[in-house]
1. Name the residues in the range 141-161 that are of a type in the set (D, E, K, R) and without any contact (Cβ under 8 Å) to a residue 24 or more places away in the chain, would you?
2. I need the full set of residues from the range 100-124 which are touching a helix residue (DSSP H, G or I) at 6+ places or on another chain (Cβ under 9 Å) and either aliphatic (A, V, I, L, M) or free of Cβ contacts under 8 Å to residues at least 60 places away in the same chain (or both), in order please.
3. Can you tell me which of ALA146, ALA153 is crowded, with 21+ Cβ neighbours inside 10 Å, within 19 Å of LEU20 (Cβ to Cβ) and out of contact with any Leu (no Cβ under 9 Å at 6 or more places or on another chain)?
4. Tell me, please, whether a residue that is closer than 19 Å to THR21 by Cβ, in a helix (DSSP H, G or I) and out of contact with any strand residue (DSSP E or B) (no Cβ under 8 Å at 6 or more places or on another chain) can be found in the range 109-123.
5. Just to be sure, is LEU110 at pLDDT 80 or above, more than 30 Å from LYS162 (Cβ to Cβ) and among the hydrophobic types (A, V, I, L, M, F, W, C)?
6. Would you point out which residue out of VAL36, VAL19, VAL27 is assigned to a helix (DSSP H, G or I), in contact with a Leu (Cβ under 7 Å, 6 or more places away or on another chain), on the phi < 0 side of the Ramachandran plot and modelled with pLDDT of 55 or more?
7. Taking the range 66-77 only, how many residues are surrounded by fewer than 14 Cβ atoms within 10 Å (Cβ to Cβ) and either hydroxyl-bearing (Ser, Thr, Tyr) or outside any helix (DSSP H, G or I) (or both)?
8. Do we find a residue being surrounded by 19 or more Cβ atoms within 10 Å (Cβ to Cβ) and under 30 Å from HIS157 (Cα atoms) anywhere in the range 111-118?
Amino acid sequence: MRKYERKILNITKSDLRAVLTSAILIVLGVDLGNIVSCFIPSDKLLEVHTALHGFFESNNNIEIDKTTLFFASLKEYTLSFVLILVCSFSVWFVPFVIIKFISDGFYTGLSSGVIVKLFGIKGFFNLSIWLFLKNIIYIPCIIILAVYFIKSAIRSHKTKRKKDIGKVVCEIIVVLFLAVLCSLMESYVMSWAVLSLK
């Protein structure tokens, strides 16, 4: 127990160290995802290529898909931020944050690797713009929230005090606002990026 606490305290001793650790975990996940994408069979890549073009085959469908994508993204981002929020209630939930960072990086690396293999230089260019715009809000938000909530969990653990209900409500409101903001960004940026690959 004491050893576990000391490890967490060492990582979060300074905000910069905690932020750098979080970023390294995400980059590690991206690298793993890119490596896995290299082993995807060609027939599976062809299926993905066909699905991407079929999904956005008409302007009417594109508008519907943007709405569908928004709500799918909203669900995903809300779950991500709520998971980080839950970790503020106990230091024992910190490993879930680590897993979350690595998995986010992994899926980003996997999808980027597949798109580059499918669309070459054009795919790389569009992918770079899409990933930048998609993550310009999400990555900083999830890292800052993770550092804040982990430190909150450490403070609560040290003082043996439960979190104030008013503070929790404010944190939930912030989390939902950020989820909506990220979803709006992704729903329009993603559809534009995929269409550009046609």
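The values are calculated or read from the model by the stated rules, or taken from the named source; none is laboratory data. Keep in mind that what you see is a predicted model, and the values were worked out from it rather than measured. Because the Cβ atoms are built from the backbone with ideal geometry, glycine has one as well, and the counts that use them run over all protein chains shown.
1. ARG155, LYS158, LYS160, ARG161
2. Going through the range 100-124, the residues touching a helix residue (DSSP H, G or I) at 6+ places or on another chain (Cβ under 9 Å) turn out to be 100-119, 122-124.
Passing the criteria: LYS100, ILE102, LEU110, VAL114, ILE115, VAL116, LEU118, PHE124.
3. Values: ALA153 fails: within 19 Å of LEU20 (Cβ to Cβ).
Result of the check over ALA146, ALA153: ALA146.
4. Step one: list which residues in the range 109-123 are closer than 19 Å to THR21 by Cβ, which gives 109.
Imposing the further condition that a residue be in a helix (DSSP H, G or I) reduces the set to 109.
Pick out the ones that are also out of contact with any strand residue (DSSP E or B) (no Cβ under 8 Å at 6 or more places or on another chain) and you get 109.
Yes.
5. yes
6. Values: VAL19 fails: in contact with a Leu (Cβ under 7 Å, 6 or more places away or on another chain); VAL27 fails: in contact with a Leu (Cβ under 7 Å, 6 or more places away or on another chain).
So the residue among VAL36, VAL19, VAL27 that is assigned to a helix (DSSP H, G or I), in contact with a Leu (Cβ under 7 Å, 6 or more places away or on another chain), on the phi < 0 side of the Ramachandran plot and modelled with pLDDT of 55 or more is VAL36.
7. 2
8. No, the range 111-118 has no match at all.
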